[in-house]
Structure formats: structure tokens, C-alpha cells
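Down below is the structure, laid out as C-alpha cells.
The values are calculated or read from the model by the stated rules, or taken from the named source; none is laboratory data. The structure presented is a predicted model; accordingly, all values stated were derived computationally and were not measured. Cβ: placed from backbone, ideal geometry, glycine included. Neighbour counts: every protein chain shown.
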Amino acid sequence: MKRIIPILLWILGSIAVIHFTNRYTHLEEDIMAIAESTLDFITKEEGKRNKAYKDSKGLPTIGVGHLIRPSEQHLLTATLSDQEAKDLLRSDLKWCSETVEGAVKVPLTQNQFDALYSLCFNIGETNFKKSTVLRKLNQNDYQGAADAILMWNKPAVLEKRRKRERDLCLGA
């Protein structure tokens, strides 16, 4: 009997380790899926160009809304592969990640996360942090936060994008 207890404890411990390892592996996969869905949504909203172009403000841009910096003059004549454009977007989203994850104090669904990243990427860190969207969200007013996304509709060409972000935020 004394020998059986340590064996049973060892077996239970092994099962627990396997269970938690699988659980964290799936959690990591879920995070990867969120990242992919975020990239896909923003790419659809922003559009993607593999060669440099001038954005609506006349600034040199490439990929998915990447503003070409003075230190990146080589991008003015480059042709990006789809993967390179995606990698550049992923890199550009680092500041969005810090902004959204640092400012939002309530749990988010994947759809809410994607919508907020899209909004933040488009309006910038300062505007996001000062927004009614963030204020309402942190007051647990998810509906009010989603509705507040519609306030960011200037220029008028953004109205449809904001409706899609709002719908995504509400899980529609």
C-alpha cells in the first residue's frame, strides 16, 4: 500500500503535466490565430501595395500603410513579396500592441481585439488613448465603445470602415 501511493501520485502528476502542456500549447495557437485575424482584417481595410505609392496625405507608403522613413529609402524602389508586406505590418503593429494592451483594462474577444487594433492603427496612439472608445470600454460599456468607433469618421471615406470595425467589435 505504501508503494502504491507514490506511484499513484507520480501518475497523477504526469497526467497534470500533460494536461497543462496541452492547454498552454492551444493557448499559444489561439494567440497566433488572433494575430493572423488581426493582420487579415487590417490588410483588408488598409489595402496592400507591394510597390511604393503616395498615401492620401502625399507621404511615401508601401505594403499595408507603412510610411517609408528617411532611413528606408530603399523601399521607394522595392517590390515586396506578400510575406514581406505582412512581416512589415506585423512590425508596424508593435506600437499598436503596446497601446491597446496597455490602455485596455477589460477582457476582449478576438473580434474586439481585431477591431481595436484596426482603429488604433488608423487613428494613432494619442488619439486612441484619448478616445471615447477606450473610456467607454474601460467602463465595461462594450456597446458604447463599439458605437463610439463610429465617431472616427473623418474623412467621409472612413465611414464604411468604421461600421465594419463596429460590427466586428460587436461580434456581428
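Hey, any hits in region 133-149 for a residue that's among the acidic types (Asp, Glu), within 13 Å of residue 166 (Cα to Cα) and in contact (Cβ under 8 Å) with a residue 40 or more places away in the chain?
The answer is no, given that none of the residues of region 133-149 is among the acidic types (Asp, Glu), within 13 Å of residue 166 (Cα to Cα) and in contact (Cβ under 8 Å) with a residue 40 or more places away in the chain.
Could you please find all residues in region 60-94 being part of a loop (DSSP other than H, G, I, E, B) and over 30 Å from residue 134 (Cβ atoms)?
77, 78, 80, 81, listed by residue number.
Listed here are the residues, each with its yes/no results for (1) modelled with pLDDT of 65 or more; (2) small (Gly, Ala, Ser); (3) exposed (fewer than 12 other Cβ atoms within 10 Å of the Cβ); (4) touching a Gly at 6+ places or on another chain (Cβ under 6 Å).
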{"position": "16", "(1), (2), (3), (4)": "no, yes, yes, no"}
{"position": "28", "(1), (2), (3), (4)": "no, no, yes, no"}
{"position": "37", "(1), (2), (3), (4)": "yes, yes, no, no"}
{"position": "41", "(1), (2), (3), (4)": "yes, no, no, no"}
{"position": "46", "(1), (2), (3), (4)": "yes, no, no, yes"}
{"position": "60", "(1), (2), (3), (4)": "yes, no, no, no"}
{"position": "70", "(1), (2), (3), (4)": "yes, no, yes, no"}
{"position": "75", "(1), (2), (3), (4)": "yes, no, no, no"}
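Show the residue pairs that are 6+ apart or on different chains and have beta-carbon atoms under 7 Å apart, the first residue being within region 51-73 and farther than 15 Å from residue 92 by Cβ, the second being aromatic (Phe, Trp, Tyr) and assigned to a loop (DSSP other than H, G, I, E, B).
Short answer, once both residue conditions are applied: none.
Suppose we keep only residues that are in contact (Cβ under 8 Å) with a residue 12 or more places away in the chain and over 13 Å from residue 38 (Cα atoms) within region 83-99. Which one would you say is surrounded by the fewest Cβ atoms within 10 Å (Cβ to Cβ)?
95
From the list 56, 97, exactly one residue is in a loop (DSSP other than H, G, I, E, B) and at pLDDT below 95. Which is it?
Of the residues listed, the single one that is in a loop (DSSP other than H, G, I, E, B) and at pLDDT below 95 is 56.
Out of region 122-131, which residues are surrounded by 15 or more Cβ atoms within 10 Å (Cβ to Cβ) and of a type in the set (Gly, Ala, Ser)?
Within region 122-131, 131 is the sole residue that qualifies.
Can you run down the residue pairs with Cβ atoms below 6 Å, 6 or more apart or on separate chains, where the first is in region 107-131 and in contact (Cβ under 8 Å) with a residue 24 or more places away in the chain and the partner is among the charged types (D, E, K, R)?
Note: pairs meeting the criteria are 115/165; 118/45; 118/165; 119/165.
Looking at 119, 108, which one is under 19 Å from residue 64 (Cβ atoms) and buried (at least 16 other Cβ atoms within 10 Å of the Cβ)?
Selected residue: 119, the only one of 119, 108 that is under 19 Å from residue 64 (Cβ atoms) and buried (at least 16 other Cβ atoms within 10 Å of the Cβ).
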